[in-house]
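Engineer: First the structure, then my questions, so here it is.
The values are calculated or read from the model by the stated rules, or taken from the named source; none is laboratory data. Predicted model only: the values in this text are computed from it and were never measured. Methodologically, a virtual Cβ is constructed for each residue, glycine included, from the backbone with ideal geometry; neighbour enumeration extends over all protein chains shown. SASA here: full protein model, heavy atoms, side chains in, ligands and nucleic acids out. Shrake-Rupley method; radii C 1.70, N 1.55, O 1.52, S 1.80 Å.
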Amino acid sequence: MEEFQPRPPVALTAAMRRDIARRLAAGEGNAGAAAAADRRPVAEDAAGLVGAAVAGRIGLVSVALPSLAYPLWIRAGSGDAAAAIAAVREAGGGLDLPFLPHRIMVIGDAYLAVALAASYPDAGLVSVEPVPDRARLHALNTLPWRRIATVHNPVGVAGTRLSVFTDPATGGELLVADPNGEIATLGLGQVLRHFGWQDADLLVIDPAVCPDLANPAIDGDLSAFRRIMVRVGAAGAEIALADRLAPPAWRAGRAPRHVTFDRAAAGPRASSRRQKVFDLAGETIACTMPAQGWRPAGETGFCLAPPAGGEAVRLALRCFAAGASGFEAGLRLLPAPVAPTRLAIGFAAADTGRTIHRAAREIRPGESVIWRFDLPVFFGELEIVFEATVAEGNGQGGWLELHDPALL
């Protein structure tokens, strides 16, 4: 019998890849909800797996759940087991969101942040753990997830001083306002700007670690979110908030563990799939890098610094676009004594060089924005050229950060 010899894979032609992309894109419009549901974790019996791991034990244990890519760390003998079970079950249902979130902030529930990262693989998340004694556990659970950024300060009204107390009813940690407290609060708006978020989709809060929910000074920053979910039962914080987030600007609702507030002006948003165009840990792509004046910024962003004299610094990337119709990136020019920077982004068909779109804008020192614009729908190999120049005169250019540039 002739020995079997495997055949080498045959590369797809550009025409075949465009045809496949068109077929996939054509089905996404009718199956968007189903696709989102398919990405949710499998509804396994988390209670049984977690319960077996912590039964008869005291100390740090790890639990592997089929729905999560990495183990959960739990302090056996504490309330962590119940919190992990509730988070995995709740996020497994997508929190019953009426939209597909792309930017999520979770304050005080790292287990929920991890479960939401599994439920929404295209979303960026910020997980806030302000209680110092839980910082180590928070790091163990969130560090394996590249898309989860972490903050270990309270978030609310900037400058509030807090102390940790024990709730006599539950034994859990509470943060309370204390003029002599050793914990300093970061402003919610300040944190959003740090991550380049002018607006966001979902904020989930445990009021036990965010006492500033009772302060109306936080309301302006809360309006950046499309939906706010407040854990029920922490000193009635959700009741006080309901008086301020009232109709017609907001619509209140209920979820199993939360009170919800939906910003009425947000309206429906079509679900979109983000395709990162710069990812150091992602699929290998071709690029043309400048000799100097550029560097990575994290794994999914980079910086450009134009030289003095009006010259440009350029970075070109190639990727396959499966029907992309928009582009988005977070921009920040470091607040140094430098001239404003002009950023231009050109899109062209890689095989023919045909120009598809070109957009440009000016960024001033200290400015931080989300830049989003439409593109003509395109299927095929795409070359994207990022070009930064000094906008005014011949001054020295500064470092312009581009965070998470992506096709939409």
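Engineer: Near the amide H of Gly172, under 5 Å away, which other amide H atoms are found, from residues 5 or more places off or on another chain, if H is placed in the peptide plane?
Structural biologist: So Gly172 has HN proximity to Asp167.
Engineer: Residue by residue, what Karplus-based ³J(HN,Hα) values in Hz, rounded to whole numbers, does segment 50-61 have, using 6.51, -1.76 and 1.60 with θ = phi - 60° and x for Gly and Pro?
Structural biologist: Rounded to whole hertz, the list is 5, x, 5, 6, 9, 4, x, 10, 10, x, 7, 10.
Engineer: Please state the shape class of segment 315-408: rounded when a/c is under 1.5, otherwise prolate if a/b exceeds b/c and oblate if not, all from the C-alpha gyration tensor.
Structural biologist: Prolate.
Engineer: Heavy-atom accessible area per residue, segment 293-408, 1.4 Å probe: how many Å²?
Structural biologist: Spelled out: the 1.4 Å probe surface of segment 293-408, per residue, equals 40 Å².
Engineer: Based on the Cβ-Cβ distance of Val176 and Ile285, what FRET efficiency does E = 1/(1 + (r/R0)^6) give at R0 = 56 Å, to the nearest 0.05?
Structural biologist: 0.65
Engineer: Another one. Rule-of-thumb check for segment 119-251: C-alpha Rg over 2.2 N^0.38 Å?
Structural biologist: This ratio for segment 119-251 stands at 1.05.
Engineer: I would also like to ask the following. What is the percent carbon and sulfur in the accessible area of the chain, measuring with a 1.4 Å probe over the protein chains and ignoring ligands?
Structural biologist: Answer for the chain is 54 percent, counting heavy atoms of protein chains only.
Engineer: Follow-up. Work out from phi, with θ = phi - 60° and the Karplus expression 6.51 cos²θ - 1.76 cosθ + 1.60, the ³J(HN,Hα) of each residue of segment 212-229, listed in order in whole Hz, and give x for Gly and Pro.
Structural biologist: Listing the rounded values in order: 5, 4, 7, 9, x, 5, 8, 4, x, 6, 4, 5, 6, 9, 7, 9, 10, 10 Hz.
Engineer: Leaving out ligands and nucleic acids, and using a 1.4 Å probe, what accessible area per residue does segment 75-209 come to in Å²?
Structural biologist: 37
Engineer: His194 to Ala344: extension gain in nm, 0.36 nm per residue of separation minus the Cα-Cα distance?
Structural biologist: Length gained between His194 and Ala344: 51.7 nm.
Engineer: Sticking with this structure for a sec: List every residue whose amide H lies under 5 Å from the amide H of Gly323, counting only residues 5 or more places away in sequence or on a different chain, with H placed 1.01 Å from N in the peptide plane.
Structural biologist: Phe378, Phe379, Gly380
Engineer: Further question on the same structure: Just for the Cα atoms in the chain, what are the lengths along the principal axes, largest first, rounded to whole Å?
Structural biologist: Computed over the chain, the largest-to-smallest principal extents equal 76, 69, 43 Å.
Engineer: Hey, another quick one. Amide H to amide H under 5 Å from Val204: which residues, 5+ apart in sequence or cross-chain, H placed 1.01 Å off N in plane?
Structural biologist: Here Met105, Val106, Ile107, Met229 satisfy the definition.
Engineer: In degrees between 0 and 90, to the nearest 10, how far off the longest principal axis of the chain does helix 80-92 point, with axes built from Cα atoms?
Structural biologist: 50
Engineer: If you don't mind, another one. Tell me, what ³J(HN,Hα) does each residue in segment 195-204 have, in order and in whole Hz, if you take phi through Karplus 6.51 cos²θ - 1.76 cosθ + 1.60 with θ = phi - 60° and put x for Gly and Pro?
Structural biologist: Residue by residue, segment 195-204 yields 8, x, 9, 6, 9, 8, 9, 9, 10, 10 Hz.
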